[in-house]
Amino acid sequence: MSEISYSLAFLGGILSFLSPCILPLIPSYVSFITGISFEELKTGNKALIRKLTTINSLSFITGFSTVFILLGIFSSFMSAILYASILGIRLYHVGGVIIIIFGLYVMGILKIGFLSKEHRIHLKSKPRGYIGSFVVGLTFGAGWTPCIGPILGSVLFVAGTSGSAFYGFKLLLVYSIGLAIPFLATSLAMNTFLSHYSHIQKYMKVIMVLSGLLLITFGVLVLTNNVTLLLQYAPDLGIDNLISPLPGAE
């Protein structure tokens, strides 16, 4: 079950990156955290730009990963309290229904008011240095937008079903890695991204429909307690072996 969740959390991170409220903003985020204009990204000193982009992007990634991981820990902790206080309610039943609703929203079939509102936190200016990029990452993570909200929310619900804070930490770490890898790759190949973005944009609707179908399918499996059916298709990410349990962690 854990390997399935890790695989889907990683895929969820990638799909979050490809969402129409994140992908178009990547050039702006990279320019904002590095302080380098689009023109300089194209014509400036490539070695210096690569260094600045790499370090600032890693600081930015660390920022939003910190927020997501803390959300995962908090979700798991709160679910343990909820499960202990409300007898007879299976968390995976609740989570399955909500994930299905999220999937319908992502596909555009349902309209959900609070998810349709913009939640991004806008900074007028970036704090100095790499710490500033970390702060921008924190604001990005804290102000999750309507597009990634359903995917992130689904991952948080899965984290919550375990009641283990350490599992929530690992699951949201994997989600953050799934979001971080394409972000870093794109920031280091910005010219290539800008030249091909118009072609990628044509498939945005398809990406969102596929994302919604994935959420609905997973939600149904969670609701019916049949998630293990995915075991034969889920790659072994080896997270449990890579991150050994901390003393006293379950």
Q.
If I filter segment 193-215 for residues that are surrounded by 22 or more Cβ atoms within 10 Å (Cβ to Cβ) and touching a Ser or Thr at 6+ places or on another chain (Cβ under 8 Å), do I get at least one hit?
A. yes
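How many residues does segment 33-53 hold that are polar (S, T, N, Q) and surrounded by 14 or more Cβ atoms within 10 Å (Cβ to Cβ)? So that I can check it myself, show each step before the final result.
Filtering segment 33-53 down to residues polar (S, T, N, Q) leaves 34, 37, 43, 45, 53.
Narrowing further to those that are surrounded by 14 or more Cβ atoms within 10 Å (Cβ to Cβ): 34, 53.
Of the residues in segment 33-53, 2 are polar (S, T, N, Q) and surrounded by 14 or more Cβ atoms within 10 Å (Cβ to Cβ).
Please return the ranges of helices (runs of 4 or more DSSP H) entirely within segment 131-228 where 1 or more residues are under 12 Å from the mean Cα position of the chain (by Cα).
Per the criteria, 149-162, 165-188.
Restricting to segment 54-73, and then to whatever is of a type in the set (Val, Ile, Thr) and at pLDDT 90 or above, can you tell me which residue is surrounded by the most Cβ atoms within 10 Å (Cβ to Cβ)?
Taking segment 54-73 and keeping what is of a type in the set (Val, Ile, Thr), we get 54-55, 61-62, 66-67, 69, 73.
Subsequent filtering for residues that are at pLDDT 90 or above retains 54-55, 61-62, 66-67, 69.
Values: Thr54: 14, Ile55: 15, Ile61: 23, Thr62: 16, Thr66: 17, Val67: 19, Ile69: 20.
The extreme case among them is Ile61.
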Any residue at all in segment 81-97 that's at pLDDT 75 or above and in a helix (DSSP H, G or I)? yes
Thr228 vs (1) modelled with pLDDT of 85 or more; (2) surrounded by fewer than 20 Cβ atoms within 10 Å (Cβ to Cβ); (3) of a type in the set (Val, Ile, Thr): all pass except (1)
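So, Gly149, is that one in contact with a Leu (Cβ under 7 Å, 6 or more places away or on another chain) and modelled with pLDDT under 80 or not? Break it down into steps so the answer makes sense when it comes.
Working: in contact with a Leu (Cβ under 7 Å, 6 or more places away or on another chain): yes; modelled with pLDDT under 80: yes.
For Gly149, the condition - in contact with a Leu (Cβ under 7 Å, 6 or more places away or on another chain) and modelled with pLDDT under 80 - is met.
The values are calculated or read from the model by the stated rules, or taken from the named source; none is laboratory data. Only a predicted model underlies this, so the values are computations on that prediction, with no experimental measurement involved. Positions of Cβ are generated from backbone atoms using ideal geometry, with glycine treated the same way; all protein chains shown enter the neighbour counts.
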